Amino acid sequence: MRLKQCAYFVILIMLIFPPHTFGFPHYGGRLSAILLGKEPAQIQGYQLMVYYDPGSLAWDKLSLYFDGGFSHFYVDNIAHYADIQIYSAAPVLRYAFLDTTHITTFLEASIGLAYLNHTRLKNRNLGIHFAFQDRLGVGALIGPQKRINIGLHAVHYSNAHLSSHNSGLTALLVFDIGYQFNS
């Protein structure tokens, strides 16, 4: 019964606030590099992400797209638990606050699922192989067709206490650069 009520609520919201544009779907890729780590402080690494925007999930300045990818994080100068690979998928909510002919600036937030190939990095016990990826940041789409995107984000991985161990991983500042392949 709860699921049915939820479905009715979503339909009602979409009728009240219909998407203002039914744009064409597009996809792209992004490369990210950690500029400042926090947990552990010496964390370094990169992310390779792909994204898909169906083009139909946009309301005024708010839109929803989906991304997924691979992350490789590591800590230098330690013998054990020196690196970790993470596979993730998430919906991303984007709010465009400035939109001109050649630039669109935005805020975005995301919470998604992640799989970690190890449960430890350095002295951090991550508990289990499954985690949530939280991502918050700012960015811009630039160029005549707004195909190039750049951004700064914070990224955090945690199992939300699904395990008795939940040290988590945090990169406070991650630089992104990407390209949209079609529009």
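The values are calculated or read from the model by the stated rules, or taken from the named source; none is laboratory data. These figures come from a predicted structure and were not determined experimentally. Every residue, glycine among them, receives a Cβ derived from its backbone with ideal geometry; neighbour counts consider all protein chains shown.
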- Residues of the stretch 163-183 being in contact with a strand residue (DSSP E or B) (Cβ under 8 Å, 6 or more places away or on another chain), at pLDDT 90 or above and farther than 17 Å from ASN117 by Cα, in sequence order, are ALA171, LEU172, LEU173, VAL174, PHE175, ASP176, ILE177, GLY178, TYR179, GLN180
- Note on the structure: Only one of PRO144, PRO91 is closer than 23 Å to GLY168 by Cα and of a type outside the set (Phe, Trp, Tyr), namely PRO91
- Note on the structure: Within the stretch 148-183, of all residues that are part of a strand (DSSP E or B) and among the small types (Gly, Ala, Ser), the one farthest from MET49 (Cα to Cα) is SER158
- Quick one: PRO25 ticks every box in (1) over 23 Å from ILE103 (Cβ atoms); (2) modelled with pLDDT of 65 or more; (3) loosely packed, with under 14 Cβ neighbours inside 10 Å except a single one, so which number is it? (1)
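Quick grid of which residues meet (1) surrounded by 13 or more Cβ atoms within 10 Å (Cβ to Cβ); (2) over 17 Å from ILE43 (Cα atoms):
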| site | (1), (2) |
| --- | --- |
| HIS80 | no, no |
| ASN117 | no, no |
| ILE150 | yes, yes |
| SER167 | yes, no |
| ASN182 | no, yes |
